[in-house]
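What follows is a single structure, written as structure tokens, with notes after it.
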Amino acid sequence: MSLKNNIDRKQLPQHIAIIMDGNGRWAKARNKERSYGHQEGVVSVRKVLEAAVDLGVSYLTLYTFSTENWKRPNEEVEALMNLLVTAIHRETPDLIKNNVRLKAIGDLTRLPADAYVTLQDCISQTAISTGTTLVLALSYSSRWEITTAVKKISIEVAEHKLNLDNITEEMVSNHLTTYDIPDPDLLIRTGGEKRISNFLLWQLSYAELYFTNTFWPDFREEELYKAILYYQQRERRFGKTSEQLSC
């Protein structure tokens, strides 16, 4: 019996964020090139997205390529960018069919021209979709994002468009790349590591954190259901006491 049957549809996380880790180690364990692990990782993306759509999850954010990943060997970076283009071309019809809207966050100006054009084309084609929103964090770094927001706010203060007393948490949030996306309720990290790795540091303030040893290419529907069931067992207090929540 699938774990899906145990999920309470009325208590789903509205926004799930995933750090997809372990592609290279998964491939190495099978005496394959790292690129093989990335290719299998795309299959996991498809399966997890389909499961999220089926459940009715509103937002799914995937840490696809970090700012730090640009430091990897050129051959691997080039292979990842080519894989991105191929995957988006292949998946766009299904995204449209399944009413999935695509968004992207990060310093997209650093993407190769073909990757950037392909990404923007898919975003445009799926803009009218009203179902699950798939957010790709590409060339993304939370410190980059926060630094950029600080610069924007500083300029507004310097130009007397903004008073220091008007700077609030909400205002900072509105200057981030996720200004129109709710904060994640659940963060999943695969591959056995237990760190955030410069991902959505501001937005994850009150997210439930779920770490699994499963490598991303092996993370499929049942693994997602397991993470959601973990989330549904948590008591989300947001600084309050259990007694306050029960009132």
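The values are calculated or read from the model by the stated rules, or taken from the named source; none is laboratory data. The shown structure was predicted, so the numbers you read here are calculated from the model rather than taken from an experiment. FYI the Cβ positions are ideal-geometry reconstructions off the backbone, even for glycines, and counts take in every protein chain you see. For accessibility, only protein heavy atoms count, side chains too; no ligands or nucleic acids. Shrake-Rupley method; radii C 1.70, N 1.55, O 1.52, S 1.80 Å.
Taking the stated definitions as given, is Val45 β-branched (Val, Ile, Thr) and assigned to a helix (DSSP H, G or I)? Can you show your working first?
Numbers: β-branched (Val, Ile, Thr): yes; assigned to a helix (DSSP H, G or I): yes.
Yes; evaluated as a whole, the condition is true for this residue.
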Across the stretch 164-177, the tally of residues that are touching a helix residue (DSSP H, G or I) at 6+ places or on another chain (Cβ under 8 Å) and surrounded by fewer than 22 Cβ atoms within 10 Å (Cβ to Cβ) stands at 6
Out of the residues in the stretch 120-135 meeting the condition of being in contact (Cβ under 8 Å) with a residue 60 or more places away in the chain and open to solvent by less than 30 Å² (accessible area, probe 1.4 Å), tell me which one is nearest to Thr61 (Cα to Cα).
Val135
The stretch 178-191, residues that are open to solvent by less than 30 Å² (accessible area, probe 1.4 Å) and not hydroxyl-bearing (Ser, Thr, Tyr):
Ile181, Pro184, Asp185, Leu186, Leu187, Ile188, Arg189, Gly191
Any residue at all in the stretch 148-163 that is modelled with pLDDT of 95 or more, closer than 20 Å to Ser66 by Cα and surrounded by 16 or more Cβ atoms within 10 Å (Cβ to Cβ)?
yes
Has the stretch 48-66 got at least one residue that is charged (D, E, K, R), open to solvent by 20 Å² or more (accessible area, probe 1.4 Å), more than 14 Å from Thr132 (Cα to Cα) and in a helix (DSSP H, G or I)?
no
Of the residues that make up the stretch 21-42, is at least one open to solvent by 20 Å² or more (accessible area, probe 1.4 Å) and under 21 Å from Thr178 (Cα atoms)?
no
Against the condition surrounded by 14 or more Cβ atoms within 10 Å (Cβ to Cβ), free of Cβ contacts under 8 Å to residues at least 60 places away in the same chain and part of a helix (DSSP H, G or I), how does Val117 come out, does it pass?
no
